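Peer 1: After the structure tokens below, expect a handful of questions from me.
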Amino acid sequence: MDTLHDTLHATLRRYVDDGTVPGAVGLVARGDDVEVVAVGSVDTDGSAPMARDSLFRVASLTKPVTAAAVLMLVEEGTLALDAPVARWLPELAAPHVVRTPRSPVDDLVPAARPITVADLLSSRTGWGFPDDFSLPAVRALFEVQKDGRDLRDWPDPDTWLRLLAQVPLLHQPGDAWLYGTSSDLQGILVARASGRTLPDFLAERIFAPLGMTDTGFAASTRQPHRLTASYTRAPDGTLALADARDGAWTHVPRFHSGGGGLVSAADDLLAFSRMLLAGGEGNGRRLLDPASVRRMTTDHLTPEQRAAATLFLEGEGWGHGGQVDVSTRAPWNVPGRYGWVGGTGTTTHLVPDTGTTTILLTQVAMDDPTPTPIMRSFWECTAAARP
């Protein structure tokens with residue numbers, strides 16, 4: 001894949017040279033053939049070169065991992081897909097729904113049915129973000145569902161759940177795909193159903209078996225020198241420091257976000273992807289049944305639900321924890337392609353039909369849900385190299 005290496009390097013280097021990002025790591029794998037390119041620096045000061053094992057706050061790339069944890073508990077019989085989540089999350093036993101999406105938050109009707117585990121997995125609980133952020137119930141949700149890229153001000157999970165329960169649902173359970181909230185609910189569900197904290201469950205059941213030694217809810221004490229700085233883009237286009245290399249992400253926060261809390265590295269994300277591509281088996285261990293992997297990587301939305309979520313999904317579908325492509329709208333869209341983007345500037349996708357994994361890690365946050373130019377350029381050059 002020498003040609004791909006050169007193309008990847010030139011593509012990512014262009015965005016470093018024009019100041020879009022301080023650095024980037026790009027990885028493309030097909031079977032045992034892995035191409036990795038690291039360009040630029042870990043911060044704007046150029047204090048160290050970007051490396052293959054540099055650590056990133058991967059934000060919503062956490063979502064597929066959390067979904068896999070839920071499915072593990074389903075397989076064991078601890079959870080059931082059709083079971084009301086109120087058994088484990090009693091705070092959500094009697095939710096109310098705004099009469100219409102544009103109704104004020106005090107114009108409510110009862111939920112028509114309980115929220116189930118399957119609703120959480122498919123992001124159709126009734127809580128979450130639609131294309132229109134101006135709706136009254138969405139504005140109320142923003143008071144609780146703050147920016148997951150900075151967890152310093154989030155309360156502990158139990159307090160957060162009590163606050164969320166006071167926010168009305170935007171839609172009846174099962175009726176609409178809404179972004180974000182369901183994955184954090186999945187994380188709390190895993191912790192309560194398993195009797196473990198989410199960091200402990202993921203470490204013991206997913207990270208250790210797969211050899212994902214660089215993944216957790218903070219950079220460990222032996223790794224902080226490999227943690228990249230993270231940035232947002234100021235209105236004038238300059239990069240503003242969001243978190244330093246020795247900042248908040250060197251300590252586990254009190255809120256363990258199943259939707260966006262992980263720190264990871266390219267090879268660890270590849271290990272998780274390979275497990276899914278192998279039908280749930282990785283590093284000589286079976287973590288999930290093939291049927292659970294199919295559930296994760298199959299679109300569960302109706303055409304109407306996909307059409308109502310174009311801001312986030314751009315017409316594609318959603319499985320468990322990630323997007324599932326249903327069209328060939330762009331060169332990189334392949335029906336069955338599964339993965340997601342992280343608001344901190346990260347992406348990971350796999351294509352089951354070809355056994356391909358693509359991973360891009362940068363440290364500059366997205367301005368909105370629309371994938372950034374560097375993401376699209378990365379996907380384009382990796383699609384061109386697809387067999």
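The values are calculated or read from the model by the stated rules, or taken from the named source; none is laboratory data. Please read all numbers here as calculations on a predicted model, not as lab measurements. Cβ sites come from the backbone with ideal geometry, for glycine too, and all protein chains shown count toward neighbours. To get the accessible areas, we keep the full protein, side chains included, count just its heavy atoms, and leave off ligands, DNA and RNA. Shrake-Rupley method; radii C 1.70, N 1.55, O 1.52, S 1.80 Å.
Peer 1: Run down 256, 300 and say which single residue is within 18 Å of the chain's Cα centre (by Cα) and under 23 Å from residue 146 (Cβ atoms).
Peer 2: Numbers: 300 fails: under 23 Å from residue 146 (Cβ atoms).
The match here is 256.
Peer 1: In segment 1-45, what count of residues is obtained for those that are part of a loop (DSSP other than H, G, I, E, B), surrounded by 18 or more Cβ atoms within 10 Å (Cβ to Cβ) and touching a Gly at 6+ places or on another chain (Cβ under 7 Å)?
Peer 2: Within segment 1-45, residues that are part of a loop (DSSP other than H, G, I, E, B), surrounded by 18 or more Cβ atoms within 10 Å (Cβ to Cβ) and touching a Gly at 6+ places or on another chain (Cβ under 7 Å) number 3.
Peer 1: Take residue 159 and decide whether it is of a type in the set (Val, Ile, Thr), more than 30 Å from residue 307 (Cα to Cα), without any contact (Cβ under 8 Å) to a residue 40 or more places away in the chain and open to solvent by 10 Å² or more (accessible area, probe 1.4 Å).
Peer 2: Numbers: of a type in the set (Val, Ile, Thr): yes; more than 30 Å from residue 307 (Cα to Cα): yes; without any contact (Cβ under 8 Å) to a residue 40 or more places away in the chain: yes; open to solvent by 10 Å² or more (accessible area, probe 1.4 Å): yes.
Yes; evaluated as a whole, the condition is true for this residue.
Peer 1: Related question: State all residues of segment 55-84 that are in contact (Cβ under 8 Å) with a residue 40 or more places away in the chain and assigned to a strand (DSSP E or B); if no residue qualifies, say none. Outline the logic, then answer.
Peer 2: We begin by selecting, within segment 55-84, every residue in contact (Cβ under 8 Å) with a residue 40 or more places away in the chain; these are 55-75, 78-79, 81.
Result: 55, 56, 57, 58, 59.
Peer 1: Here's something else I'd like to know. Any residue in segment 7-33 that's within 26 Å of residue 352 (Cβ to Cβ) and free of Cβ contacts under 8 Å to residues at least 60 places away in the same chain: show its pairings with residues that are open to solvent by 40 Å² or more (accessible area, probe 1.4 Å) and outside any loop (DSSP other than H, G, I, E, B) at Cβ separation under 9 Å, as long as the two are six or more apart or on different chains.
Peer 2: Pairs that qualify, where the first residue is within 26 Å of residue 352 (Cβ to Cβ) and free of Cβ contacts under 8 Å to residues at least 60 places away in the same chain and the partner is open to solvent by 40 Å² or more (accessible area, probe 1.4 Å) and outside any loop (DSSP other than H, G, I, E, B): there are none.
Peer 1: Consider residue 98 carefully, then state whether it is surrounded by 13 or more Cβ atoms within 10 Å (Cβ to Cβ), farther than 19 Å from residue 186 by Cα and over 25 Å from the mean Cα position of the chain (by Cα). Walk me through it before giving the result.
Peer 2: Numbers: surrounded by 13 or more Cβ atoms within 10 Å (Cβ to Cβ): yes; farther than 19 Å from residue 186 by Cα: yes; over 25 Å from the mean Cα position of the chain (by Cα): yes.
Yes: the conditions hold for residue 98.
Peer 1: Which of the helices (runs of 4 or more DSSP H) contained wholly in segment 254-336 include at least 3 residues that are over 27 Å from residue 57 (Cβ atoms)? Don't jump to the end; show me each part of the working.
Peer 2: Details: elements: 266-277, 290-296, 303-307, 310-313.
Here the list reads 290-296, 303-307.
Peer 1: Tally the residues that are open to solvent by less than 30 Å² (accessible area, probe 1.4 Å) and either of a type in the set (S, T, N, Q) or touching a Pro at 6+ places or on another chain (Cβ under 7 Å) (or both), restricting the search to segment 313-337.
Peer 2: Matching residues across segment 313-337 total 6.
Peer 1: Whether any residue in segment 298-320 is in contact with a helix residue (DSSP H, G or I) (Cβ under 7 Å, 6 or more places away or on another chain) and closer than 24 Å to residue 25 by Cβ is what I want to check.
Peer 2: No, segment 298-320 contains no residue that is in contact with a helix residue (DSSP H, G or I) (Cβ under 7 Å, 6 or more places away or on another chain) and closer than 24 Å to residue 25 by Cβ.
Peer 1: Same structure again: Step by step: first the residues of segment 353-376, then only those that are among the hydroxyl-bearing types (Ser, Thr, Tyr), within 22 Å of residue 234 (Cα to Cα) and modelled with pLDDT of 95 or more, then the one that is most open to solvent (accessible area, probe 1.4 Å). Which residue is that? It would help to see each step written out before you state the result.
Peer 2: Going through segment 353-376, the residues among the hydroxyl-bearing types (Ser, Thr, Tyr) turn out to be 354, 356-358, 362, 370, 372.
Then drop every residue that is not within 22 Å of residue 234 (Cα to Cα), which leaves 362, 370, 372.
Still in the list and also modelled with pLDDT of 95 or more: 362, 372.
On the way: 362: 5, 372: 31 Å².
The residue in question is 372.
Peer 1: Related question: Scan 133, 129 and give me the residue that is among the aromatic types (Phe, Trp, Tyr), under 21 Å from residue 341 (Cβ atoms) and more than 18 Å from the chain's Cα centre (by Cα). Talk me through it step by step, then tell me what you get.
Peer 2: Working: 129 fails: more than 18 Å from the chain's Cα centre (by Cα).
The unique qualifying residue is 133.
Peer 1: Sticking with this one: Restricting attention to segment 46-56, which residues are hydroxyl-bearing (Ser, Thr, Tyr) and either touching a Gly at 6+ places or on another chain (Cβ under 7 Å) or under 22 Å from residue 372 (Cβ atoms) (or both)? Quick ask: steps written out before the conclusion?
Peer 2: Kept after step one, since they are hydroxyl-bearing (Ser, Thr, Tyr), are these residues of segment 46-56: 47, 54.
54, the sole residue that qualifies.
Peer 1: In addition: Run down 166, 186, 172 and say which single residue is open to solvent by less than 10 Å² (accessible area, probe 1.4 Å) and of a type outside the set (A, V, I, L, M, F, W, C).
Peer 2: Working: 166 fails: open to solvent by less than 10 Å² (accessible area, probe 1.4 Å); 172 fails: open to solvent by less than 10 Å² (accessible area, probe 1.4 Å).
Going through 166, 186, 172 in turn, the sole match is 186.
Peer 1: Follow-up question, since we're still on this one. For a quick check of your reading of the model, give me the residue pairs whose first member lies in segment 97-115 and is more than 11 Å from residue 174 (Cβ to Cβ), whose second is open to solvent by 70 Å² or more (accessible area, probe 1.4 Å) and of a type in the set (Lys, Arg), with beta-carbon atoms closer than 6 Å and at least 6 apart or on different chains.
Peer 2: 107/99; 109/99
Peer 1: Would you mind stating whether residue 229 is open to solvent by less than 10 Å² (accessible area, probe 1.4 Å) and more than 23 Å from residue 322 (Cβ to Cβ)? Explain how you work it out, then say what you get.
Peer 2: Numbers: open to solvent by less than 10 Å² (accessible area, probe 1.4 Å): yes; more than 23 Å from residue 322 (Cβ to Cβ): yes.
For residue 229, the condition - open to solvent by less than 10 Å² (accessible area, probe 1.4 Å) and more than 23 Å from residue 322 (Cβ to Cβ) - is met.
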